[in-house]
Amino acid sequence: MTDSNHGGASTVWQGMTTARVPSQDRLEWFAEMVSHVLMPTVFQAHDTGGFYASGGLLDVGTAQLAKFTYAPLRSRRTEALIRKGDPEQYQLGLVTGGSAWFAQQGREAELSAGDMALWDTSRPYESGSGTDGRGVEVFILQIPKARMPLPLQQVDRLLGRCVRGGTGMAAILAGFLVELARKGPDCSPHELGGLGEMAVGLAASCLAGQLGSTVQQPAELRAHTLLRRINAFIELHLGDPDLTPRVIADRHHLSLRSLHALFHDEPEGVAATIRRRRLERCRADLASPDLRRQPIQAIAARWGFSSATAFSRTFRTAYGSTPRDYRADALKHADDPVGSRYPTSTTGRKGVGWVGDVVAGVHRP
């Protein structure tokens, strides 16, 4: 059994690979990494000699998203470990492979792929994985208590309860977290901050749904939560040329009038929001030296512009330059030692996204 010696809130993992860590040290290494990224926790592996683990961390501003894959083990957080370090968070775990269980506040949740559970870092808990002998993959959304939109006394009723995935709001949230992990490293810090706000809003909406009619959200909060869901939907479907206000309204069971009313106090309407975000992605890709060989039309199509002529006209209206001229000028400044005045690509940004994909031992599927 290993007790980590590092406490406190999440930190950034520097790119590191420990594939050559001796088998007898792997569990201790994993405990230290979890302590840095989540909180001090004690672990006991089913097979210490065959233990393996990998992980990564995505900083999304308001929250953080961690991902772990590891061999069967048990974990425990005690009062002593809470005193050693407490980030004061709610952590929402989504199992995407294998199985796990989690116990807190006298309740125990049995989780299969697609299921979620919520826990409070300020209270003791126990958990385990691999009851079938296989490892587990889990995403953990870390939400500071101060940023939780729902009343904390209401949220506490969900601790240690299984949130079944596969349908409804839980399925939307699970899909968003997986897509955020996959595409988030391609986003700028500003974009990640917005996605983090969306993740917290979606999580709050999902949890409120689990509490049913006992939670009465103010109308303003309900509207704000719905707006976050719609913004998240837009972000995930920018590349779909058929994404329109009508499609968004239908997918969220709204009338077009209600959808436009949600955006009434926003800086721009829903159609303008879709257009601006698509243009921002195109502009970033056009400025990327890594994508200089990709045809402009292919970049436009990737972000939902089906007509090259319409894209060129829209781009010029927004930025005062044709896509071709913008790309030529941006690439000319790409090696500016002072730093380019153009945004970097949404593909392969350095310093943003999963840090590492840290590996302990040999990764096993």
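Results for (1) out of contact with any helix residue (DSSP H, G or I) (no Cβ under 6 Å at 6 or more places or on another chain); (2) touching a residue at least 24 places away in the same chain (Cβ under 8 Å); (3) assigned to a loop (DSSP other than H, G, I, E, B); (4) buried (at least 22 other Cβ atoms within 10 Å of the Cβ), shown as yes or no for each residue.
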{"site": "Gln64", "(1), (2), (3), (4)": "yes, yes, no, yes"}
{"site": "Arg76", "(1), (2), (3), (4)": "yes, yes, no, no"}
{"site": "Arg83", "(1), (2), (3), (4)": "yes, no, no, no"}
{"site": "Asp86", "(1), (2), (3), (4)": "yes, yes, yes, no"}
{"site": "Val95", "(1), (2), (3), (4)": "yes, yes, no, yes"}
{"site": "Gly128", "(1), (2), (3), (4)": "yes, yes, no, no"}
{"site": "Leu150", "(1), (2), (3), (4)": "no, yes, yes, no"}
{"site": "Asp156", "(1), (2), (3), (4)": "yes, yes, no, no"}
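Checking Ala223 against (1) of a type in the set (A, V, I, L, M); (2) surrounded by fewer than 21 Cβ atoms within 10 Å (Cβ to Cβ); (3) in contact (Cβ under 8 Å) with a residue 40 or more places away in the chain; (4) out of contact with any His (no Cβ under 8 Å at 6 or more places or on another chain), only one condition comes out false. Which one?
Checking Ala223 against (1) of a type in the set (A, V, I, L, M); (2) surrounded by fewer than 21 Cβ atoms within 10 Å (Cβ to Cβ); (3) in contact (Cβ under 8 Å) with a residue 40 or more places away in the chain; (4) out of contact with any His (no Cβ under 8 Å at 6 or more places or on another chain), the one that fails is (3).
Among the residues of the stretch 158-182, which ones are within 20 Å of Leu38 (Cα to Cα), assigned to a helix (DSSP H, G or I) and of a type in the set (Gly, Ala, Ser)?
Matches in the stretch 158-182: Ala174, Ala181.
Suppose we filter the stretch 219-240 for residues that are farther than 16 Å from Glu197 by Cα and at pLDDT 85 or above; how many remain?
Adding up the residues that qualify gives 4.
Out of Leu207, Leu243, report the one residue that is crowded, with 18+ Cβ neighbours inside 10 Å, over 17 Å from Ala170 (Cα atoms) and either at pLDDT below 90 or in contact with a helix residue (DSSP H, G or I) (Cβ under 8 Å, 6 or more places away or on another chain) (or both).
On the way: Leu207 fails: over 17 Å from Ala170 (Cα atoms).
Just one listed residue meets the conditions, Leu243.
Answer with yes or no whether Ala271 is under 22 Å from Asn231 (Cα atoms) and either part of a helix (DSSP H, G or I) or in contact with a strand residue (DSSP E or B) (Cβ under 7 Å, 6 or more places away or on another chain) (or both). Even if it seems obvious, please write down each step before you answer.
Working: under 22 Å from Asn231 (Cα atoms): yes; either part of a helix (DSSP H, G or I) or in contact with a strand residue (DSSP E or B) (Cβ under 7 Å, 6 or more places away or on another chain) (or both): yes.
Against the criterion (under 22 Å from Asn231 (Cα atoms) and either part of a helix (DSSP H, G or I) or in contact with a strand residue (DSSP E or B) (Cβ under 7 Å, 6 or more places away or on another chain) (or both)), Ala271 qualifies.
Within the group Arg26, Arg74, Arg20, which residue is modelled with pLDDT of 90 or more and basic (Lys, Arg)? Can you show your working first?
On the way: Arg26 fails: modelled with pLDDT of 90 or more; Arg20 fails: modelled with pLDDT of 90 or more.
So the residue among Arg26, Arg74, Arg20 that is modelled with pLDDT of 90 or more and basic (Lys, Arg) is Arg74.
If you scan the stretch 80-120, which residues turn out to be of a type in the set (A, V, I, L, M, F, W, C) and out of contact with any strand residue (DSSP E or B) (no Cβ under 8 Å at 6 or more places or on another chain)?
The initial filter retains those residues of the stretch 80-120 that are of a type in the set (A, V, I, L, M, F, W, C), namely 80-82, 92, 94-95, 100-103, 109, 111, 113, 116-119.
Within the stretch 80-120, Ala80, Ile82 meet the criteria.
Looking at the stretch 167-178, I want the residues that are assigned by TED's automatic domain parsing to the domain that holds Ala113 and have a partner that is in a helix (DSSP H, G or I) and hydroxyl-bearing (Ser, Thr, Tyr) with Cβ atoms under 9 Å, at least 6 apart or on another chain. Which pairs are those?
Here the result reads Met169/Ser205; Ile172/Ser205; Leu173/Ser205, each pair linking the stretch 167-178 to a residue that is in a helix (DSSP H, G or I) and hydroxyl-bearing (Ser, Thr, Tyr).
Restricting the search to the stretch 277-297, which residues are of a type in the set (Lys, Arg) and touching a Leu at 6+ places or on another chain (Cβ under 7 Å)? Break it down stepwise before answering.
Looking only at the stretch 277-297, we keep the residues that are of a type in the set (Lys, Arg), and these are 277-278, 281, 283, 292-293.
Residues satisfying the conditions are Arg277, Arg278, Arg281, Arg292.
I'm trying to understand the selection: among the residues of the stretch 286-315, which are more than 17 Å from Thr244 (Cα to Cα) and basic (Lys, Arg)? Lay out the reasoning, then the answer.
Of all residues in the stretch 286-315, those more than 17 Å from Thr244 (Cα to Cα) come to 286-299, 308-309, 312-313, 315.
Across the stretch 286-315, the qualifying residues are Arg292, Arg293, Arg313.
The values are calculated or read from the model by the stated rules, or taken from the named source; none is laboratory data. Quick caveat: nothing in here was measured; it's all calculated off a predicted structure. Note that we place each Cβ from the backbone using ideal geometry, even for glycine, and neighbour counts take in every protein chain shown.
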